[in-house]
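Following: one structure in structure tokens, then a few remarks.
The values are calculated or read from the model by the stated rules, or taken from the named source; none is laboratory data. Model, not experiment: these values are computed from the prediction. All Cβ positions, glycine included, derive from the backbone under ideal geometry; neighbour counts span all protein chains shown. Each accessible area value is taken on the protein alone, full model and side chains, heavy atoms only, with ligands, DNA and RNA left out. Shrake-Rupley method; radii C 1.70, N 1.55, O 1.52, S 1.80 Å.
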Amino acid sequence: MVKKKRLRLIAEMARKIRAYRELKSRPRESQKFALDYETMRRPLTGKMLPVLTWQDVRRESRLFSLLAGMRMFGVGRLFTRKSWLEDHPEPSYWEITKVKVDYTAQNMDHGKAWGILTYRGKKESEVKEVDKVMYHDWRQVPKYMEQQLKDFKPLPEPPVQYVPFPPLLRAMMLAEHKKAFGRVLAEEPALPLMRDTLLNKDYFNKQEQERQRQRTEGTAV
């Protein structure tokens, strides 16, 4: 007969109290990502920001710095990032659908936001939490440009023309190339999916003539 496990009510209550105190003692977003703009250090951890980011930190804004001064905290508006504008010609932006503000922050410029991401012209179907809200490169999309970005249609992806060789055949090709030339192959070998030669009627006519000639002449003994 299996002995029934004894329920320790006091120990279980003490465990819940410790977990609750640990949860309450965790630093808030406003404390975790607070920044001293003179020393460029975070007061909570004492870590200094990279020197290359100092110029952008002083000029650009965080996402909640923009949301805090807007009606309904920017729900329904579009926001993009400086790095996206510089790296991709296709539009990339977040459409904000929900905002949870940290009201303990001095200027209410911290919290969490959710939205629909459109990255390089491809819109995702599900709502998810906006990441990197503490970065200092967020920008608000002007109202007159929102419809232009939403109407953008990405170009279709080109068809796959090359596929990698099977592992064993790839290893054999690399070994033969190194043995023949004494160096490793610079480019990764790939198998083309389409012929480079155009197969027209003349090609098939020549093949048929060659087969007929072989049948009439016979096979050499």
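Some notes on this structure:
- Single residue of M173, M108 found to be closer than 18 Å to A68 by Cβ and surrounded by 11 or more Cβ atoms within 10 Å (Cβ to Cβ): M108
- Residues within segment 24-58 that are part of a helix (DSSP H, G or I) and either in contact (Cβ under 8 Å) with a residue 40 or more places away in the chain or among the aliphatic types (A, V, I, L, M) (or both), tallied: 7
- Count - residues of segment 161-170 that are open to solvent by 100 Å² or more (accessible area, probe 1.4 Å) and either farther than 30 Å from S92 by Cβ or among the β-branched types (V, I, T) (or both): 2
- Segment 118-173 - residue that is at pLDDT 85 or above and among the acidic types (D, E) and, of those, farthest from E29 (Cα to Cα): D151
- In the set (1) at pLDDT 75 or above; (2) in a helix (DSSP H, G or I), the condition left unmet by F204 is number (1).
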